[in-house]
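K.L.:
Handing you this structure, nothing more for now.
Rule-based calculations on the coordinates, nothing more; no lab input. Keep in mind the model is a prediction, meaning the values are calculated, not measured. Using ideal geometry, Cβ is built from the backbone for each residue, glycine included, and neighbour counts are taken over all protein chains shown.
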Amino acid sequence: MAWTHGTASLRGERRGPGWGNRDYASALAKQDRFLFAVSNGFDRAREGAVGAELAASAFFVGWIGSQDPVRILEYVRREVDSEARHNEIPSTDYATSLVAGSLDPSGGVLLAVGGGGVVVVDGDGARLVLGGDAPPGDTASVTQADAGSHLKSVRLDAPVQAVFAFSDGLNKVLLDGEACVPRAPFLEALLGRLAGGPGRDAEFEEWLLMILGSQPVAERTDDDRTLIAAVWRGPEAG
């Protein structure tokens, strides 16, 4: 493994009693490939938290079958719909956004339906390449019949040095102004702490969770907030 990565997720302060964190995130580093998914179950969806986990988990299986974003989304939709039928509930009860991607030394593929976004660091510095421009809240869902029309995807044809995938609750934390410019000092501080060996950095995750719960972050958002950060260490780190 040549990727070092960490994930943290925190329930927003606006959640009342009985409400849990509706974000879900998962990441996998295998040799030179890094797969990740961040999803945010809608507040109006009765089982939004479950839907978020279903969609993120389905991405990993869908990617094995096809690296085409349209087909991956179709697979995710089928899996979520199948679970809804099995439990005899409408699929809208699982309404959730999805931001996901696959990266390797040559570039990668990113996709999104709904809120959240992806920032990459490459030779041009830190830049927002997907999402981040929608206000926090219920946006497009993978469960919608027209989810395909809301699909945004990006193909990267050059390697990236680092990646940050986040739920919409972190838009105002990671991005500055209407132009959604990444806050470079904050991202650099994150990368400075992501210093473990290849694979998951547990110490970084503990520190990141503390940062997400800090007062400066809470002053910018009271929503659920989730972040996946990863840095490429190069083939010599594998």
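K.L.:
Helix-only estimate, please: 222 nm mean residue ellipticity of the chain, summing -39500 (n - 2.57) across DSSP H runs of length 4 or more and dividing by its residues, to the nearest 500.
P.N.:
-8000 deg cm²/dmol
K.L.:
In the chain, with Lys and Arg counted as +1 and Asp and Glu as -1 at Cβ, which of these residues, V231, W3, L187, has the Cα nearest the positive end of the dipole, that is, farthest along it?
P.N.:
Farthest along the dipole direction, towards plus: W3.
K.L.:
Taking each pair of different alpha-carbon atoms in region 89-134 once, compute 1/r for the pair, average those values, and report the inverse of that mean as the Kirkwood hydrodynamic radius in Å to one decimal.
P.N.:
For region 89-134, inverting the mean 1/r across all distinct Cα pairs yields 12.3 Å.
K.L.:
Same structure, new question: Calculate the radius of gyration of the Cα atoms of the chain to one decimal place, then report Dmax, the largest Cα-Cα distance, as a whole number, both in Å.
P.N.:
16.6, 51
K.L.:
Could I ask something else about it? With charges set only on the Cβ (+1 for Lys and Arg, -1 for Asp and Glu), what does the dipole of region 12-77 come to about its Cα centre, in debye to the nearest 20?
P.N.:
Dipole magnitude for region 12-77 comes out near 100 debye.
K.L.:
Same structure, new question: Treating only the Cβ atoms of Lys and Arg (+1) and Asp and Glu (-1) as charged, compute the dipole magnitude of region 29-141 about its Cα centre; round to the nearest 20 debye. All intermediate terms of the calculation are to be shown ahead of the outcome.
P.N.:
Numbers: 9 positive and 16 negative charges, 21 e Å.
Charge dipole, region 29-141, about its Cα centre: 100 debye, nearest 20.
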